[in-house]
Amino acid sequence: MKKNFVLDTNVLLHSPEALFAFEDNNVVVPITVVEEIDNFKRDSTQLGRSARQAARYLDALRRKGQIAQGVPLREGGTLRIAVTNTELPKEWRKADSADNRILATAMDLLKTDDGSETTLVSKDITLRVRADALGISAEDFDQNHIEQDELYAGMESREVEGSIIDQLYEQGSLDPEALGERFAPHCFLQLSASDSRQQALAKFCPFEDRIRPVDRQTRDMWGLLPRNREQKLALAALSDHRIKLVTLVGKAGTGKTLLAIAAGLQSVTEERSANKLIVARPVISLGKDLGYLPGTLEEKLQPWMQPIFDNVQFLMGLTGDQIRKGRGAHELIDQGLLEIEALSYIRGRSIPNQVLLIDEAQNLTPHEMKTIVTRAGEGTRVILTGDPYQIDHPYLDFSNNGLVHAVKRFKESHLAAHVSLMRGERSELAEAAANLL
């Protein structure tokens, strides 16, 4: 028997394609949700873009028939917009909220439908709790759920004979068959000898179908040397220009952003393999729209982008006097080598032959991640950095954010490499705080 799925507004704002995600079941959109979508249409952020896309989908479906009665979906289900007169319990009627009207729609289906199972789908935790209190089944919308222990680490450990490690260094490479298995593209390997204390770091290169030692690939990056094993792996991935997407995941202080900026600056200033480094971050903490803040765009972005300026100044080894004279990030910006943007200003652009660094990428939805990465033109490399354990977006968590989604989807692609940074290098106190607080 087909099931009924009642969609909350935040589900469509998270992913307009949710309308088509319930296979051959019945999708019910309360009229209140349509009204809220209309209110968001004028928003200039990703919420507004999602609202406009959802509205376009609903308008296209409306042309297939009477949407109040139900129109067919491509997977065999139906979609209808529902109006309800069902009243909630007396103690809940004081607030005529959109949430209450959505709950009333679900209750109406429970009372009047032919016994089909009805589920409210919402990314609002408290609304799901309230639904449960009314006897309505409720669930989160999460097509890309990944458990924390399932996230691809980018590295695997293997115990091998010492002769294998000798061969790796003597010949400069290994056939993957020497280890008796295949690995994901650009997978890093920690090899330990079973018959000695020998160890080696290596990487499977899909372009050559060979395993090569990382030690011989790693060099300093704009004067920055790796302080630990994971940083060495990150620099190895960032140094290979055949890799078009590099994802760096790690807690605060692991050096992921600093390494990424160093790689970008090296590409544009020394190697000349790219014309410009673009650094962008989601502006979650600045509110919905930069236009309401006083000052120029640069002044509006300054508080949120200050960590980027700090990293550039550190890499340039600047003193306080040099910074006050305008050197550092501003000097690179004036030369056209560095561009620091709010992420919302990246969308819609085509970005060829540049390095695009998205910091705090865990605050993007999978849909937003797709719209950003698809901006990459010919010759452009994309670097994503973030901490999926530290998310500011109200409807995202470890399992469904855009950064984790990208790591999962690109795991088998020869275009992408991933490194999980584990050890903090900022200070002993910062490392303790990241682990304990």
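Taken together, the values in this text are just the output of simple stated rules run on the coordinates, not laboratory data. Since this is a predicted model, take the numbers as computed values, not measurements. Positions of Cβ are generated from backbone atoms using ideal geometry, with glycine treated the same way; all protein chains shown enter the neighbour counts.
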Could you work out how far the C-alpha centroid of segment 163-193 sits from that of segment 207-266, in angstrom?
-> 19
How many percent of Cα pairs in segment 4-139 exceed 26 Å?
-> 18
Using θ = phi - 60° and the Karplus relation 6.51 cos²θ - 1.76 cosθ + 1.60, list the HN-Hα couplings for segment 191-201 in order, rounded to whole Hz, with x at every Gly or Pro.
-> 9, 10, 6, 6, 10, 6, 9, 5, 9, 8, 9
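Could you tell me the convex hull volume per residue, in Å³, taken over the Cα atoms of the chain?
Measuring per residue, one finds 194 Å³ for the Cα hull of the chain.
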Residues whose modelled amide H sits under 5 Å from the amide H of Phe5, counting only those 5 or more places away in sequence or on another chain, are Asn26, Val27, Val28, Thr119
Which listed pairs, of Lys244/Lys408; Lys3/Lys111; Lys232/Lys370; Lys244/Lys276; Lys41/Lys123, have C-alpha distances above 26 Å, in listed order = Lys232/Lys370
Karplus couplings for segment 179-190 from phi (6.51 cos²θ - 1.76 cosθ + 1.60, θ = phi - 60°), rounded to Hz, Gly and Pro as x?
-> 9, x, 7, 10, 10, 4, x, 6, 6, 8, 10, 9
With each run of n ≥ 4 DSSP H residues scored as -39500 (n - 2.57), what mean residue ellipticity at 222 nm is computed for the chain after dividing by its residue count and rounding to the nearest 500 deg cm²/dmol?
-> -10000 deg cm²/dmol
A convex hull over the alpha carbons of segment 221-436 yields, per residue, a volume in Å³ of 132
Taking 0.36 nm per intervening residue step and subtracting the Cα-Cα distance, what contour gain separates Asn435 from Tyr169 on full extension?
-> 92.1 nm
FRET efficiency for Tyr389 and Gln335 from the Cβ-Cβ distance with R0 = 35 Å, rounded to 0.05, comes out at 0.45
Using modelled amide H (1.01 Å from N, peptide plane; none on Pro or chain starts), what sits under 5 Å from the amide H of Phe141, excluding residues fewer than 5 places away?
-> Ser122, Lys123
Which whole-Hz ³J(HN,Hα) couplings does segment 6-20 yield from phi under the Karplus relation 6.51 cos²θ - 1.76 cosθ + 1.60, θ = phi - 60°, glycine and proline marked x?
-> 8, 9, 7, 4, 5, 5, 6, 6, 6, 7, x, 5, 4, 4, 10
The set of residues whose placed amide H lies less than 5 Å from the amide H of Leu224, leaving out same-chain residues fewer than 5 positions away, is none
For the chain, with a Gaussian network of springs between Cα atoms less than 10 Å apart, report the residue from Glu425, Glu161, Glu230 with the top mean-square fluctuation.
-> Glu161
